[in-house]
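In what follows, a single structure is set out as structure tokens and then discussed.
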Amino acid sequence: MTLHDRVRVHEVTLLSDHWYTLRTTAFDWRRNDGEWQRMHRETYDRGNGATLLPYHLGQRTVLLTRQFRYPAFVNGHDDLLIEATAGLLDNAAPEERIRAEVEEELGYRLGAVQKVFESFMSPGSVTEKLHFFVAPYEASMRVGAGGGLAEEGEDIEVLELRIDEALAMVADGRIADAKTIMLLYHAKLHIFAPG
């Protein structure tokens, strides 16, 4: 039996299509005991995205961004959010899109990038799947100031932090973004791990 055999969609209602798409769906779910149960769920569809952590092995540094995030602000986060570069795919391949985002936000044109995993970040309500990447960087790869696109409301500060400092910022709460924490711990275990 597949999941398609366990879900019967009855009604999908569009609630909002202003910024992204919010729908509510009525469906039946076949439980493990074989009984069917009616459920209602809202799903927020913003498309899939990609994120990348640039690292400099010799300097033991990473590049991150700092910017205002309204949803975090209204949930009590009274500071700018420190994050790994990320963006929606907008019908592009994940590697192509993340390279463009890194250049827009950080001002670096990267060489080889490595995909490390994919993850649903909030599967209880958000459809988005993120593609996670890492890539080495050097000062010679800097082609601009970064900062994002003002016409998209971006006002991004570029941070270059030592990996140990970034991990300490996770521990004390200064870095509170899930995708960034995941990439920093990946880097700790697989890139900056003691040999």
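Positive end of the dipole of the chain (Cβ unit charges, origin at the Cα centre): among T180, H77, A193, the Cα lying farthest that way belongs to A193. Computed over protein heavy atoms with a 1.4 Å probe, the carbon and sulfur contribution to the accessible area of the chain reaches 50%. Per residue, segment 138-195 exposes an accessible area of 59 Å² to a 1.4 Å probe, with every protein chain left in place. Just checking the listed ones, P71, P94, P123: in the Gaussian network model of the chain with Cα springs under 10 Å, the one fluctuating most is P71. Considering only L159, F117, V7, the residue lying farthest towards the positive end of the dipole of the chain is V7, judged by Cα position with unit charges set on Cβ. Using the average count of surrounding beta-carbon atoms within 10 Å as a protection proxy, the listed peptides 151-160, 105-114 rank, highest first, as 105-114, 151-160. The phi-based Karplus calculation (6.51 cos²θ - 1.76 cosθ + 1.60; θ = phi - 60°) puts the 3J(HN,Hα) values of segment 118-126 at 10, 7, 7, 8, 8, x, x, 8, 10 Hz, whole numbers, x for Gly and Pro. Computed about the Cα centre, the dipole magnitude for the chain is approximately 680 debye when only Lys and Arg (+1) and Asp and Glu (-1) carry charge, each at its Cβ.
Measuring spread by the Cα atoms of the chain yields a radius of gyration and Dmax of 19.4, 62 Å. Search the structure for amide H atoms under 5 Å from the amide H of L159, placed 1.01 Å from N in the peptide plane, and list their residues when 5 or more places away or on another chain. Amide H neighbours of L159, under 5 Å, 5+ apart: L64, T65, R66.
Within the listed set D79, D177, D17, the residue fluctuating most in the Gaussian network model of the chain (springs between alpha-carbon atoms under 10 angstrom) is D17. For L89, nonlocal amide neighbours, meaning residues 5 or more places apart or on other chains whose placed amide H falls under 5 Å from its own, are N48, G49, A50. For R109, the shell of other residues with beta-carbons less than 15 Å away shows a net charge of -4, using +1 for Lys and Arg and -1 for Asp and Glu.
Please report, in whole Å³, the volume per residue of the convex hull around the C-alpha atoms of segment 46-95.
Per-residue hull volume (Cα only) is 90 Å³.
Over segment 1-108, accessible surface divided per residue gives 61 Å², non-protein components excluded, 1.4 Å probe. For the pair segment 143-195 and segment 111-127, the centres of their Cα atoms are 16 angstrom apart.
Looking only at A139, A93, A166, which one moves most when the chain is put into a Gaussian network model with springs between Cα atoms under 10 Å? Maximum among the listed residues: A139.
The values are calculated or read from the model by the stated rules, or taken from the named source; none is laboratory data. These numbers come from a predicted model, not from an experiment. Glycine also receives a Cβ, built like all others from the backbone with ideal geometry; neighbour counts cover every protein chain displayed. Only protein heavy atoms, including side chains, enter the accessible area calculation; ligands, DNA and RNA are left aside. Shrake-Rupley method; radii C 1.70, N 1.55, O 1.52, S 1.80 Å.
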